[in-house]
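Below you'll find the structure, written out as structure tokens, and then a few comments.
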Amino acid sequence: MIQIVAAALIWLLVICLLPGLWRRRDYSVLTAAMTISVALTLNIDQIYVGLDSVLGGRNFVDLLANVCMVVGIYFLARAIIRAATPDETVEKRHRAGIFLLAAVIAGLAVSFSAIVTQGSSTRFMLDYGNQWPAALYSSVQFLYIGFVVSVTGITCLRFRGDMLRPYFRASFTLIGVGCAFAVFLVILVLVMDVMHLQGRLNAMRSVSSIYDAAFVAAMVFLCVGLAIPPVAHRVLDRKQSATEEELVSDLTRIWEKTTKKRQDVRLVRGTEMITQQDRAKRLHRMLVEVQDALLVEPGLGSSLDIHDLNVLNAAENYLAGPFVRQVPVRRRTGERAL
């Protein structure tokens, strides 16, 4: 049941990330979400047994799921570190991370090959965790996950205050908390591995109940934290579009009135179609032309009533704001990368 809930959460995150895919410059978060969701889906008992029987009943699905998990964790860390690290250091870290990931995958494959199994098992570590190769197999995976999520969590909590937008600060905070739960989860797994080797099965089962709660908590915080930026961006984008549409409509009347004698210098035509992408540019151009007209012919100012002046002031304030789509303002690259 835990695996089904976790898989559902991460697939919901994938759904949240899919809209606006075309305008993303970095797909690390989406790649992480998809590979982790595949890993968790493969661990659902019915899917595991069905797929593993096709592969000969040798538990290759467990290896595939764990490889997907470490790959997903790598891309998750890459996205967060890109979000808070100066550009000149990103590629260097990326190369080192790829080498480490390759070494971990090789370690998983080698240790897995040494485990003696007897048919498909949906409780792989419970059934075979008393073998040293199985303990090594689990340790390689979770030590890597522990290291990566530790770095990721520290990065999030360290740089969350540098994010200009409040929803990015909330996102980094929640991801940092999720990483803290994930580190706690890793510690529990390593403890259970040692207990299993020692034959302390009752104590291991006691720790297992804590593991389940920590696993769900980690998934919830991570998924919610990663979902906040794309969801908040879409909500704010709709609000921004509505504001721009209203301002363009109100400013058009003022623009027609003040620039009607200056047809030769008009760059914006009243009959032009406005798309969502160029609405802010049109708003900016009309405001400039109105201001130019008032500068050249100060007498035009007397034709403007209080409503017109309020519209001009609102347009100026909006275009000077930090979140206008044509002039993205951020303190760090993370507000673009996530």
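Computed quantities for the displayed model
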quantity	calculated
Lone unmet requirement of (1) more than 17 Å from Asp62 (Cα to Cα); (2) touching a residue at least 40 places away in the same chain (Cβ under 8 Å); (3) crowded, with 21+ Cβ neighbours inside 10 Å for Arg165	(3)
Within segment 115-139, tally of residues that are under 20 Å from Val189 (Cα atoms) and in a loop (DSSP other than H, G, I, E, B)	7
Residue among Leu64, Leu76, Leu101, Leu42 that alone is modelled with pLDDT of 85 or more and open to solvent by 60 Å² or more (accessible area, probe 1.4 Å)	Leu64
Test set (1) hydroxyl-bearing (Ser, Thr, Tyr); (2) surrounded by fewer than 18 Cβ atoms within 10 Å (Cβ to Cβ); (3) modelled with pLDDT of 90 or more - Thr35 fails condition number	(2)
Search result, residues across segment 295-304 that are part of a helix (DSSP H, G or I) and modelled with pLDDT under 80	Val296, Pro298, Gly299, Leu300, Gly301, Ser302, Ser303
Selected residue (only one of Leu51, Leu9, Leu55 is farther than 26 Å from Ser150 by Cα, at pLDDT below 90 and open to solvent by 40 Å² or more (accessible area, probe 1.4 Å))	Leu55
Meets criteria (in contact (Cβ under 8 Å) with a residue 60 or more places away in the chain and either over 21 Å from Ala213 (Cα atoms) or not in a loop (DSSP other than H, G, I, E, B) (or both)) for Val177	no
Segments classed as helices (runs of 4 or more DSSP H), wholly inside segment 1-84, with at least 2 members that are out of contact with any Cys (no Cβ under 8 Å at 6 or more places or on another chain) and farther than 25 Å from Ser171 by Cβ	2-17, 45-54, 60-84
Qualifying residues in segment 177-200 (those that are of a type in the set (A, V, I, L, M, F, W, C) and touching a Leu at 6+ places or on another chain (Cβ under 9 Å)) - the one farthest from Ala7 (Cα to Cα)	Met195
Options Arg123, Arg160: the member that is modelled with pLDDT under 90 and over 26 Å from Ser53 (Cα atoms)	Arg160
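The values are calculated or read from the model by the stated rules, or taken from the named source; none is laboratory data. Quantities reported herein were computed from a predicted structural model and do not represent experimental measurements. Cβ: placed from backbone, ideal geometry, glycine included. Neighbour counts: every protein chain shown. Keep in mind that these areas ignore ligands, DNA and RNA; they rest on the heavy atoms of the full protein, side chains included. Shrake-Rupley method; radii C 1.70, N 1.55, O 1.52, S 1.80 Å.
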